[in-house]
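> Sending over a structure as structure tokens; questions will come in a sec.
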Amino acid sequence: MTRRGPLRVAIVGAGLMGRWHARAAERAGGIVAVVIDADDARGARLAAKYGARHTRSIADISGRPADSGVDVVHICTPLETHASLARTAIDVGAHALVEKPLTSTVSETSALLQHAEARGVLLCPVHQFLFQRGVRQVLAARTAIGPVLHVDAVACSAGGGDDGDAARDRIAADILPHPLSLFTAVLDQPVAGFSWSVQRTSAGELRASAAAGNATVSLLVSMSGRPTANSLRVIAARGTAHADLFHGFAVVERGNVSRVRKITHPFAFAGAMLGAASENLARRALARETAYPGLSSLVAAFYAAARGEAPPPISPAQTLDVAQARDAVLAR
């Protein structure tokens, strides 16, 4: 049972993402009560910042009733730990917000979702791109520019540069939930049943495409492509929407056709991008959101659901759909 006052939060993993989750938790009105990390120095530093208790293991909160322990557990640790940590959080009656991918396989994800339902708690992956202002703008523009014909996502990451082929492949696989969750949002349909065509030219390089009714989807994940980028493009019959996922803004172009427009398009598009980027920078500066746009909004929505004030920001069906699609792409 969730307490009436501010939600009490445990952050599992005091690294980069743990620090950002703690910040988002506080901004959403939560109280960071516990920081869990096996690295004493790192865990203690983050705990001290929020006046929290530091412990080395999530097992230390086991056996505490939910009304005297924590309400929400943020899991910000490596993928291979997600399933066991999430299960422990669920066992103690806490809602769990888990960095993507939620688990390594769809079978693990399905089992955890069933366990969470049985225990009456929420389990949600961190698909924060869905909660960016720019992506919301793209979704809102679909009626005006539609019908949607093609959806393209590109992610060029600097991760795993010197860690070998296996690390580059692993990071590419970890990125997959982001474009897949965006596809299902843009198309308003599940993506698990798509027949994926996948090409892998070298370690960390993955391209996948599929037909989606009258539309197509395509994703590119690259560990070597430069400059680094993270973008979404929605091409429709009456216009095209471009979202910069690194920075959280978007530009929507109308589809008017003329000789003058063809000549002026590069300048008009560059001006629109500059204006949107400048407005976004000012907005994020005022909000002190220097990285991971969308995360704070997702955390706030998850907390509202945990308090029973709103539906889950990402439903169990959507979570399972993305996990199934990720497994299908990786199996090709």
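We did not get these values from a lab; they are worked out from the coordinates using the rules stated. Note that the coordinates shown come from a computational prediction; the quantities given were computed from them, not determined experimentally. Don't worry about glycine lacking a Cβ; one is built from the backbone with ideal geometry, like all the others, and counts go over all protein chains shown.
> For Ala96, list long-range residues whose amide hydrogen, built 1.01 Å from N in the peptide plane, is under 5 Å from its own amide hydrogen.
Val73, Leu122, Leu123, Cys124
> Taking the square root of 5 times each eigenvalue of the Cα gyration tensor, what semi-axes in Å does the equivalent ellipsoid of the range 39-131 have, largest first?
22, 17, 12
> Using 0.36 nm per residue of separation minus the Cα-Cα distance, give me the extension gain between Asp163 and Arg283 in nm, one decimal.
Once the chain is fully extended between Asp163 and Arg283, it gains 39.6 nm.
> Starting from the exponent 0.38 and prefactor 2.2 Å, build the expected Rg for the chain from its residue count and divide its actual Cα Rg by it. Working shown, then result.
Details: Rg = 20.5 Å, N = 332, 2.2 N^0.38 = 20.0 Å.
Computed over Cα atoms of the chain, the ratio equals 1.03.
> Taking 0.36 nm per intervening residue step and subtracting the Cα-Cα distance, what contour gain separates Ala140 from Cys156 on full extension? Don't jump to the answer; show the numbers that get you there.
Values: separation 16, 0.36 × 16 = 5.76 nm, distance 2.62 nm.
The span from Ala140 to Cys156 would gain 3.1 nm if fully extended.
> Find the Rg to Rh ratio for the range 198-281, where Rh is the Kirkwood radius over alpha-carbon pairs and Rg uses the same atoms.
We get a ratio of 1.03 for the range 198-281.
> Something else: The range 260-317 to the range 105-127: how many Å between their Cα centroids?
Answer, in whole Å: 27.
> Send over the Kirkwood Rh of the range 133-287, from the inverse of the averaged 1/r over different Cα pairs, rounded to one decimal Å.
After inverting the mean inverse Cα-Cα distance, the result is 16.7 Å.
> Just from its helices, what would the mean residue ellipticity at 222 nm be for the chain, if runs of 4 or more DSSP H residues each count -39500 (n - 2.57) and the sum is divided by every residue, rounded to the nearest 500 deg cm²/dmol?
-14000 deg cm²/dmol, from helical runs alone.
> Beyond 17 Å, what share of the Cα-Cα pairs of the range 251-311 remains, rounded to the nearest whole percent?
Of all Cα-Cα pairs in the range 251-311, 61 percent lie more than 17 Å apart.
> What are the residues whose amide H is under 5 Å from the amide H of Trp196, where those residues sit 5 or more places off or on another chain and H is modelled from the backbone?
Under 5 Å from the amide H of Trp196: no residue qualifies.
> Here is a follow-up. Once you keep just the Cα pairs under 8 angstrom separated by 6 or more residues, what percentage relative contact order results for the range 133-287?
Relative CO of the range 133-287 lands at 31 percent.
> Taking θ = phi - 60°, what integer Hz values does the Karplus form 6.51 cos²θ - 1.76 cosθ + 1.60 yield along the range 41-52, in sequence order, with x for Gly and Pro?
Each residue of the range 41-52 in turn: 5, 5, x, 5, 4, 5, 4, 4, 4, 10, x, 9 Hz.
> With labels modelled as points extended 7 Å from the Cα through the Cβ direction, what inter-label distance (nm, one decimal) is found for Arg233 paired with Leu274?
2.2 nm
> Let me ask something else. Exposure proxy check: Trp20, Trp196 ranked by fewest other beta carbons within 10 Å?
Result, fewest neighbours first: Trp196, Trp20.
> Once both axes come from the Cα atoms, what is the angle between helix 165-175 and the longest principal axis of the chain, in degrees from 0 to 90, rounded to 10?
90 degrees
> Would you mind ranking His242, His82 by Cβ crowding within 10 Å, fewest neighbours first?
By the 10 Å Cβ count, ascending: His242, His82.
> Once the piece of chain linking Arg45 and Ala59 is laid out straight, how much longer is it, given 0.36 nm per residue of separation minus the C-alpha distance between them?
Result: 3.0 nm gained on full extension.
> Same structure, new question: Label points 7 Å out from Cα along the Cβ direction at Ser110 and Arg259: separation in nm?
6.0 nm
> Starting from the Cα of Leu330, step 7 Å along the direction of its Cβ; do the same at Arg200; then give the gap between the two resulting points in nm.
The modelled label-to-label distance comes out at 1.0 nm.
> Step through the residues of the range 319-329 one at a time and calculate ³J(HN,Hα) from phi using the Karplus curve (6.51 cos²θ - 1.76 cosθ + 1.60, θ = phi - 60°), rounding each to whole Hz and writing x for Gly and Pro.
4, 5, 4, 5, 4, 5, 5, 4, 4, 5, 5
> Can I ask one more? Quick one: Glu80, Glu289, fewest Cβ neighbours within 10 Å first, how do they rank? Walk me through the intermediate numbers first.
On the way: Glu80 10, Glu289 20.
Placing the least packed residue first, the sequence is Glu80, Glu289.
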